[in-house]
C-alpha cells in the first residue's frame, strides 16, 4: 500500500497524521553547509506503528526533531494532523508539541526533583488545565502504564523501566496524535526493553499512532512498517506482512 | 503556565536549595533591613522630636527670651563668641516684658544650674536647681501630684519653699511623705511643699531630677549672678498670639537696649519650632544619605540574584529543554524564572522587614533612642525588594526562554 502522491499546494487526506513532503534541513556551520535532510517524503496514517532506522549521520535525529516540532525545516512541507506546521512560529510550535505530540526519550528526561505524578502533570500545566483535573488525568495515565502505586515516587526511587513508563504516561497524558519515541530502550536491559516494547505494542493496539526512532533491528522488527534513511534521504520504506 | 503555578514552582525551588538561596538573597535582605531599621529610627526621632523633645524643652505656644539660643546646630566660633558677649537677661527685663505685653499671655522667670540636694545626710547630686516664678508650672504644664506649687506671694517674698521632681523625691524620701519636711540645697533649708508628677525621660536622661524654688529665694545665688535670669518664658493661648507676643517682646527689648534699626537683636527668642529646626537639619542629612546606602545594598543584591539566576539557567538547561518539549512557550519559561528571581528577592525583603522591625524594637527596649516602624517603609521594602528581583531576573529569564529546545535537551 503506497500513499497517494502529494503535490505542493495539496491538502493531506484526513487519516494521514504525518505528511512530510520533500522535507529538507540544512545547517549553516560557517565554513560549509551541512545538508542533514535532502528532501524526505513520508506519509504516516492514523494508528500506524512506524520505526525509523538508519546509521548515525543518516538524518534520523533531524527528522525526529522536525516531526516532533522541536525544529523547523529549511525546505519542504510538514503537515501534522491536518495542519501545516512547517512554517509556524516558536510559540505555535510549543502549542503543537503540547497538544499533538508525546515524546519518549532514550534518557527518560524526567524532572529529577518532581514526583512521578508531577512529571506526568507537566504537559497539562502548559495546556492550562486546573490543578484538580490535572491530577486526576495524570493519575489515570500512570495507571494505564501500571504505575498507579508509584505516583509519589521521585525518578531516583524508580527503576529504569519504571522511569520509562512514567515518561510514556507523560507522553500520553495529553492524548496526542502521535507518540514519538527516540531510542526508548537504549538505556534499558533486554528484559526491561521487552516490557517497554510490550507497552508500545499495547498502546498501538488501543489505536495510538507510534513513531519510533531506533538503530536496533529487533526493536524495529516490532513495528509494522520500517522507514530507513541514508544520507538524508529515504532509502527504503517497507510494510511488514501482518 | 498560570502565575500561581510559576510562584509555587519558584518557592519549591528556593526550598530545595536553601543554602544557595540564602546566600543569594542576602544582599536584598541587608538592604531592606537597613531601609526599615534606619527609617524607623529617623521616623521615631521625628515623632519624638515633635511630640516630646520640643514640648519638654520649650512648651506649647511658648517662647523663651534668652541671651542666646540654647539648642544649636553647626554654630561657628565667631558667632558663638559674639553670643557670649551679649548682655544677660535681667529681672528688670523680665518685668518690662511682663508689663509690656498686651496680648493675653502668662510669663515666668527661669534660671537653672546643677547642684546637690540633701535630706538628713542623704545626698542627691546632679540635680537641676530651678529658680522660677509661680506661673512656671502652668507654662510647662507640670502637674503637681502631691501638695501644691508655690504662690505668687511666696515667689515675690523669695520664700524658702521647694517643689521636687518625682525621682528626686523617691530617692531622698524612701517610705516617707516628703511634704512639710525640710531639704537642704547647698546648706540652706527649704520646706518641701509639692511633688511633680513623673515626666519620664528624654534620650535616657531622667526628667524627674529637679527642684523648683522661687527665683527670689536664696537659690538665686546658686543659679545666676545677682539680678540675672536664664530666660523669660512666655506662653500665649494660640500660635498667632504667640507670634504677636514675640513681636512685642522684641520691640520692648530693642527699646530697652537702645538698639538702632540697623542693629541686630542682641537676645534670642526660642520657640519649639526653633528647636525643631535643628532636628530638621539633621534629619535632612539622614534622609539624603540613607537612600544612597540602601540603594547600594539593593544594587549589589540585585547583581547577586542575577548571577545566581544565570547559574540556575545554565544548570537547568536540560530542565528547560524538557519543559519546552512538553509544550512550554517562551513566556512560560520566562515567567518561571522571573517568578523565581522575584520570589528570592521578596523572601529576602520579607526577612529584611522582619529583622528591621525586630531591630527597631530591640533598639527601643535596649537604648534610649526612640524607634518606630513606619507602615510606609514596610510597603516600600516589599515593593523595592520585589522590584529588584524582577529587574535582576529579566535578563537570565529571557536567556532561558530563548534556549533552543534541541540543544537544551542534549545538554548533560
*Give the shape of the range B:87-266 as rounded, prolate or oblate, defined through the alpha-carbon gyration tensor: a ≥ b ≥ c are the square roots of its eigenvalues, a/c under 1.5 means rounded, and otherwise the shape is prolate if a/b is larger than b/c and oblate if not.*
prolate
_Acute angle (nearest 10 degrees) that the helix A:131-144 long axis makes with the longest principal axis of chain A, alpha-carbon atoms_ = 80
*Over the range A:141-242, what is the mean sequence separation of C-alpha contacts under 8 Å (at least six apart), divided by residue count, expressed as relative contact order in percent?*
21
*Percent relative contact order of chain B, based on C-alpha pairs within less than 8 angstrom and at least six residues apart?*
30
_Shielding by other protein chains, A:122-135, mean Cβ within 10 Å_ = 3
*Peptide B:331-338, shielding by other chains (average Cβ, 10 Å cutoff)*: 1
*asked:* Report for the range B:87-266 the percent antiparallel among DSSP-assigned beta bridges with both residues inside it, nearest 5.
replied: 75
*Can you give the average number of partner chain beta-carbon atoms within 10 Å of each beta-carbon in peptide B:318-325, as a whole number?*
6
*May I ask you to derive the relative contact order of the range B:87-266, considering only C-alpha pairs under 8 Å and at least 6 residues apart, and to give it as an integer percent?*
33
*Which ordering of B:331, A:135 is given by a fewest-first count of other beta-carbon atoms within 10 Å?*
B:331, A:135
*Using DSSP, restrict attention to beta bridges with both residues in chain A and report what percent are antiparallel, rounded to the nearest 5.*
60
_Ordering of B:163-172, A:28-37, A:216-225 by packing [mean C-beta count within 10 Å, highest first]_ = B:163-172, A:216-225, A:28-37
*Run a plain Debye calculation on chain A (Cα atoms as equal point scatterers, no solvent) and give log10 I(q)/I(0) at q = 0.13 Å⁻¹, rounded to two decimals, same order as the q list.*
-0.80
*Considering chain A as a Gaussian network with a 10 Å cut-off on Cα pairs, which listed residue, A:206, A:194, A:43, attains the greatest mean-square fluctuation?*
A:206
*To the nearest 500 deg cm²/dmol, what mean residue ellipticity at 222 nm is calculated for chain A from DSSP H runs of n ≥ 4 alone, each contributing -39,500 (n - 2.57), summed and divided by the residues?*
-10000 deg cm²/dmol
_Tell me the angle of helix B:239-256 to the major Cα principal axis of chain B, expressed in degrees between 0 and 90 and rounded to the nearest ten._
50
_Antiparallel bridge percentage (DSSP; both residues within the protein assembly as shown; nearest 5)_ = 70
_Helix A:160-172 vs. chain A, principal-axis angle (Cα, 0 to 90°, nearest 10)_ = 70
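Any read-out appearing in this document is the output of simple, stated calculations on the displayed coordinates, not a laboratory observation. The structure displayed is predicted, hence computed values, not measured ones. All Cβ positions, glycine included, derive from the backbone under ideal geometry; neighbour counts span all protein chains shown.
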